[in-house]
1. Quick one: compute a quarter of the convex hull surface over the Cα atoms of the range 439-592 and quote it in nm².
2. Give the Cα extents of the range 177-292 along the principal axes, in whole Å, largest first.
3. Express the accessible area of the range 227-386 per residue in Å², computed with a 1.4 Å probe while the remaining protein chains stay in the model.
4. Where does the Debye-calculated log10 I(q)/I(0) of the range 53-175 sit at q = 0.18 Å⁻¹, using only Cα point scatterers of equal weight, no solvent?
5. What does the net charge come to around Leu267 if you take all other residues with beta carbon closer than 9 Å to its beta carbon, with K and R at +1 and D and E at -1?
6. With 10 Å bins from zero, work out the P(r) of the range 275-373 over every alpha carbon pair and list the percent per bin.
7. What does the convex hull of the Cα atoms of the range 522-579 come to per residue, in Å³, rounded to a whole number?
8. On a full-extension model of 0.36 nm per residue, what is the gain between Asp481 and Asp214, subtracting their alpha-carbon distance, rounded to one decimal in nm?
Amino acid sequence: MNEHPLYPQENEYRDIRDLNGLWRFQVDWDGTGEDSGWHAGKFPSSAAEVPVPASYNDLFADTNIRDHVGYVWYQRELIIPSGWKDRKILLRFDAVAHHADIWLDGKLLGRNKGGFLPFTVDLGDVAPGGRHLLTVRADNRLDWTCLPGGELTSRPAGGCAGSSIPVQETHFDFFNYSGIHRPVRLIALPAVHITDVSIRTAPGTGKAWNVSYDVSTSSAAEVEILLMNPEGDVLHRAAARSGTIPVENPVLWEPGRGVLYTLEVRLRDSGGKVFDSYREEFGFRSIKVTATTFEINGRPFYFRGFGKHEDADIRGRCLDLATMVHDFALLKWIGANSIRTSHYPYSEEFMRMADRQGLVVIDEVPAVGFNMWNDVPVFCDERANSKTLEHHLDVTRGLIRRDKNHPCVVMWSLGNEPASQNEAAEPYFQSVIGEARRLDASRPITVVEDRWPDQTRIGHLVDVICVNRYFGWYHHTGEMDRIEELLEADLRAWHTRFAKPVMVAEYGADTIHGFHSVMSQFFTEEFQASFLEQYHRVYDRLPFMVGEHVWNFADFATKQGTKRVWGNRKGIFTRQRHPKSAAQILKQRWIRP
Ligand code: BDP
């Protein structure tokens, strides 16, 4: 559990040193790096250099590095400013996929499991002022106790009798990019500091809204709260570490209009002097789910947008601000009002920008790969078992802790396409969903399903039915004339059984940019466009539909396979973000005059 979930912030009392840039890098081909002392000694000057943040996989002209299963090592020098005496000094990793071990001068400082959430290590007794060697070992191996789940096997190595090489099996459809994927920072906090801030808003009486807040500190301290409007005017001051502040007639955070207020927390010493502060932005917005609607601020909201990936050429799955900003621009251009962070938590920078731009987000944990699409049970002792559940709970807590204050997050997605027909899936998801509800009663919950409405054992546990549908593609392949009939019957069956609003969280067809035909022909741009239109006709006549998320925003890398022509091509944009013809169909549909 990360004790410091707050996004790093620099101010009069808090300092940050950015550790991004080029780090030394070594692949641990046979897993003996630690035995050889890589954690303690300086890497040879012949070691490669890699950018942080980045996935390392596609950086080199080397298939073995791209496909390596196991450890890789990163190293750089770390200088702790001599002025940082009597401070709490932390190293913060925003995300390392999927396991990380951190050493400073050969001493193990911390370990982390899970590739998509931040963690910190405490530099505790390291004296400021010196030069140190920071070494990180990342491991991309996934088994059934991980999120996403995977299986480790091996195969005989060609040309070398008796030897084998490890194979990472995954039951999810994106390339297993690895490495230090998000920024690394050295942080200095006051010895006594703010550790967490939680903010909730809810309509009060008349035009007033209530802001409930709760502040945690590392030890007892006098707290001061300032609530500011978007212009920075202080509307309220309070002195308790938790409480409720009424705000008369605030400007609401709305889809497409990211109006943000600020709650500033200050800590004062006995003489009244401020020694720590933290500013958290938040928005006034409410969510309500009925049997047929998803309401934001009391008005029905219809999700238009995409399942996305954090994925780009060369850099893989890392935070890349240029790609991120461009993706936001394309979402706006096409008229999308929302996305799902399929299939894992996205960077904090993405979530903060979504807050500012009013982009609505379904925030997903990396519980993907828990399906084998056959009769082999997945939720059982040999596969997704109590250890998986323990980690799933941990990651759910971590995600809610990290993202709880984001107005953009309107729903938690606690899994993608699990084998929900398994009997054991029910108690499993009862635990995960129960924990999420305990931590956040203010947001609805979904688990995105691919099973049929009469099969699922978890539909009654969620608030919104989200389904991924591929009629005409994976199911009833090529039966284009039946898409509407099949889809309509299916969506109606979900609503009839559960009396909850329904959203299609994925629908799409692989399309190669530049392929054209005047006939109905798989992989052409015309096919993708007309495929989507058939789905849209169904959505438009079902009163309980609350959204459509096309799969996928852009083409993305997957493991190699006979069904993947250099990745998944269901993007409306190519991997380089060029629009396919269907982009115009969506733009016309989503930007209504
Ligand atoms: C769905 C998965 C998604 C895949 C998609 C596809 O949720 O991750 O990429 O299918 O096959 O089942 O394109």
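The values are calculated or read from the model by the stated rules, or taken from the named source; none is laboratory data. What you see is a predicted model, and the numbers here were worked out from it, not measured in a lab. Cβ: placed from backbone, ideal geometry, glycine included. Neighbour counts: every protein chain shown. Ligands, DNA and RNA are excluded from the accessible area calculation, which covers all protein heavy atoms including side chains. Shrake-Rupley method; radii C 1.70, N 1.55, O 1.52, S 1.80 Å.
1. 10.9
2. Here the spans come out as 49, 49, 28 Å, largest first.
3. 39
4. Values returned for q = 0.18 Å⁻¹ are -1.03.
5. Neighbour charge sum, excluding Leu267 itself: -2.
6. 12, 39, 32, 14, 2, 0
7. Dividing the Cα hull volume of the range 522-579 by its residues yields 101 Å³.
8. Residue separation times 0.36 nm, minus the Cα-Cα distance, leaves 90.6 nm.
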